[in-house]
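The structure appears right after this line, and notes come after that.
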Amino acid sequence: MRELKYVITDPEGIHARPAGLLVKAVKDFSSEIKIKKGEKAMNCKAIFGVMGLGAKKGDEVTLTFEGADEDAAYDAISKFMQENL
Amino acid sequence: MEIYKGKSVFGGIAIGKIRVYRKGKQQVKRQRVTDTDAEMARYRAAKEEAVRQLQGLYEKALKEVGEANAAIFEVHQMMLDDDDYNASVEHIVCSQEVNAEYAVAATGDNFAQMFASMDDDYMKERAADVHDISERLLTILNGADSAAADAGEPAIIAADDLAPSETVQLDKDQVLSFVTVHGSLNSHTAILARTMAIPALIGTPLPLDETVDGRLGIVDGSAGVIYVDPDEATLAAMREKQQAEKQKKELLQTLKGKENITLDGQKVMLYANIGNIKDLATVLQNDAGGIGLFRSEFIYLESDHYPTEEEQFRIYKQVAETMGNKRVIIRTLDIGADKKCDYFGMEPEENPALGYRAIRICLTRPEVFKTQLRALFRASAFGKIAIMYPMITGIQEVRQIKQIAEEVRKELTEQGIAIGDPEQGIMIETPAAVMVSDMLAKEVDFFSIGTNDLTQYTLAIDRQNTKLDAFYDAHHPAILRMISMVVENAHKAGIWAGICGELGADQTLTREFLAMGVDELSVSPGSILPIRKIVLETDVGAYKAGK
């Protein structure tokens, strides 16, 4: 399992548009990918869960990747987070 | 006549029949089903149809209101594909042996509830999106026609609130204005109204019944008012106001897409001044040739800490990409004791206008300056960024800046980070800079004259002090001579010179500036087309001869 911690820098937080992009990005991988803020852990492949975190600028989120392509997913999503959130 | 006051989303006057828009709210009955597999198949077919409809709406919105506003329909498609949403529908259908309609309505309510209970206004509003997709599924499952009503004649649409899909489905030619009882400035309806540039009000306590429906109404967008059954005097006054606005708008529309060239062939660049990334839409709408002054200080003023390189980079990159191959001149940090950020820890000053500000802060706190320059150099790989330094008084400062910029460029290159080759220019806003502009011109790529400060420093008049208004002359010959001198010195050194202060938008001076050979005028977005009109009608040679 790989784990990625990321502090949101986008002033609007994970709002609808980036949540959609994130879901689209993680769906390319077969690994189970979860996104967690505080105690709440959500399926990163479902847009309602991702938006439901209500992650704002300055919040730390933790993504976990588990499965055959977890390394590739980790690399791609790290890059995605830095560029978009 | 009844008058209702709301919050203005977009200005302008609309006069016409009011049509109350009623949602095709689907009635849902809970019914037992025996074949849950068949029911799920029915649900999946409805979902596919809904996704197909949303794709159509996305493409329609893309054409009408642009990619950023159309994106919501892409998000709606993803919501329909949401695993949790679909699992919930399936669970309700299979475990309770009920119809898909009931399962969709219940699921929609649950998910909407989740958003409505979040402590974030933006997220609260997403409950409307959930209702919107659920309603779409229900409409398809019920085999009813889409909720889009047909209008008959162009009307003022009054509604409780409008879902984004409802707004886009309305035939634009049939909509004079939107007036909603609910909704917020962030709602999609508000955003769309602004993009469509039609008058719109939200938060208007309008009764949606027969006292309004079908009556004559007037929406005064800028005043935030709707008149129902207006009296003759109001109607006449508003017709006149509408006519004046229409003529102005039509005239300006005919100027869109035209080159800024005088009758005798002299060209000038007309750029826009902006103070926030939110102004980008108006820059494009007004056909600006570029951005002549992007005031980067909003990034600092809106923050509670020194903005990081990443935070700044993202904003500069967005502007550069949005403007494509058009020039974007970003002015580096211009704050001081009058425009201050607490985290800078600035001490109060007797005389802030002559104090520790702008480039003076940057040169004494190179770490703050370098962070901004790194972000700017990186963003310049994504568009045509130019960097402009404010409050220059002499050549020493410029050399110091160039040295720091060179260090930044070297560091980024060594780190293998992509950068562009941004032009670097300076503001001419001190009398000292004017007097040595011949020397400065050899050091930089362009000049932009900041007439507000230049006037204040030259005439020794504090603009904040209203007692001095009688002594203030914006057209003082001293200022005009200075501008002329700066332009001349720029041209001698083969660089271009523009004006980005308020004087640049002064239409009584446009001909004079053209005669001086000013290469660029950077003005507020709304002033671009009126100035283009003057440029197109001017014969510079004849103007000079007639002086």
| query | Once phi is turned into ³J(HN,Hα) by the Karplus curve 6.51 cos²θ - 1.76 cosθ + 1.60 with θ = phi - 60°, what whole-Hz value does each residue of segment B:247-259 show in order, with x for glycine and proline? | reply | 4, 4, 5, 4, 4, 5, 4, 5, 8, 5, x, 7, 7
| field | Per-residue HN-Hα couplings for segment B:89-100 [Karplus 6.51, -1.76, 1.60; θ = phi - 60°; Hz; x = Gly/Pro] | value | 4, 4, 4, 5, 4, 6, 7, 9, 6, 10, 6, 4
| message | Under the rule of at least 5 residues apart or a separate chain, name every residue whose amide H is placed under 5 Å from the amide H of B:V523. | response | B:Y271, B:A272, B:N273
| task | Give the order of B:R136, B:R32, B:R409 when sorted by the count of other beta carbons within 10 angstrom, beginning with the fewest. | result | B:R32, B:R409, B:R136
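Considering every residue in B:69-76, what mean count of other chain Cβ atoms within 10 Å of its Cβ is obtained?
Values: counts 0, 0, 4, 3, 0, 5, 10, 3.
That average works out to 3.
Using the crude model of +1 on Lys and Arg Cβ and -1 on Asp and Glu Cβ, and no other charge, please compute the dipole size for segment A:2-84 relative to its Cα centre, in debye to 20.
Details: 13 positive and 14 negative charges, 72 e Å.
In debye, rounded to 20, segment A:2-84 gives about 340.
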| Can you give the average number of partner chain beta-carbon atoms within 10 Å of each beta-carbon in peptide A:11-17, as a whole number? | 5
| task | Measure nothing but the geometry: give the 0 to 90° angle between the long axis through the Cα atoms of B:36-65 and the longest principal axis through the Cα atoms of chain B, rounded to 10°. | result | 30 degrees
| task | Name the long-range amide H neighbours of B:D160: under 5 Å, sequence gap of 5 or more, or other chain; modelled H, no Pro or chain starts. | result | B:V181
| query | Roughly speaking, what is the centre-to-centre gap between segment B:519-547 and segment B:201-222 when only Cα atoms are used, to the nearest Å? | reply | 42 Å
| remark: Under 5 Å from the placed amide H of B:E423, counting only residues 5+ away or on other chains, we find B:I387
| request: Give the residue from B:A381, B:P525, B:S296 lying farthest towards the positive end of the charge dipole for segment B:271-545; charges sit on Cβ (+1 for Lys and Arg, -1 for Asp and Glu) and the dipole is referred to the Cα centre. | output: B:A381
| task | Treating cross-link reach as a plain straight distance, find the lysines whose alpha-carbon is under 30 Å from the alpha-carbon of B:K410, omitting any fewer than eight places away in the same chain. | result | A:K79, B:K317, B:K326, B:K370, B:K384, B:K402, B:K442
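Using Cβ contacts closer than 10 Å as the measure, can you line up B:L263, A:L85, B:L137 from fewest to most? Walk me through the numbers on the way to the answer.
Details: B:L263 14, A:L85 22, B:L137 25.
Taking fewest neighbouring Cβ atoms as first place, the list is B:L263, A:L85, B:L137.
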| message | Output wanted: per-residue J couplings in Hz (rounded whole) for segment B:389-400, from phi through Karplus 6.51 cos²θ - 1.76 cosθ + 1.60, θ = phi - 60°, x for Gly and Pro. | response | 9, x, 6, 7, 10, x, 6, 4, 4, 4, 5, 4
| task | Kindly put B:K7, A:K79, B:K326 in sequence by how many other C-beta atoms sit within 10 Å of each C-beta, fewest to most. | result | A:K79, B:K7, B:K326
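With n ≥ 4 as the cut-off for DSSP H runs, can you work out [θ] at 222 nm for the protein assembly as shown, using -39500 (n - 2.57) per run divided by the number of residues, rounded to the nearest 500?
The helix contribution divided over the protein assembly as shown gives -14500 deg cm²/dmol.
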| What whole-number value in cubic angstrom gives the convex hull volume per residue for the C-alpha atoms of chain B? | 194 Å³
| request: Could you name the lysines whose alpha carbon sits less than 19 Å from that of B:K248, not counting residues in the same chain fewer than 8 places away? | output: B:K256, B:K258, B:K533
| task | Identify, among B:G6, B:H76, B:P154, the residue whose Cα sits farthest towards the positive end of the charge dipole of chain B, taking +1 on the Cβ of Lys and Arg and -1 on the Cβ of Asp and Glu, with the dipole about the Cα centre. | result | B:P154
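Quick one: grab the alpha carbon gyration tensor of segment B:326-366, order the square roots of its eigenvalues as a ≥ b ≥ c, and give me rounded if a/c is under 1.5, else prolate or oblate depending on whether a/b is larger than b/c.
Numbers: a/c = 2.15, a/b = 1.94, b/c = 1.11.
It comes out prolate by the Cα gyration axes.
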| query | To the nearest 20 debye, what charge dipole does chain B have about its Cα centre, counting +1 at the Cβ of each Lys and Arg and -1 at the Cβ of each Asp and Glu? | reply | 1520 debye
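No lab work stands behind these numbers, since they all come straight from the coordinates. The shown structure was predicted, so the numbers you read here are calculated from the model rather than taken from an experiment. Cβ: placed from backbone, ideal geometry, glycine included. Neighbour counts: every protein chain shown.
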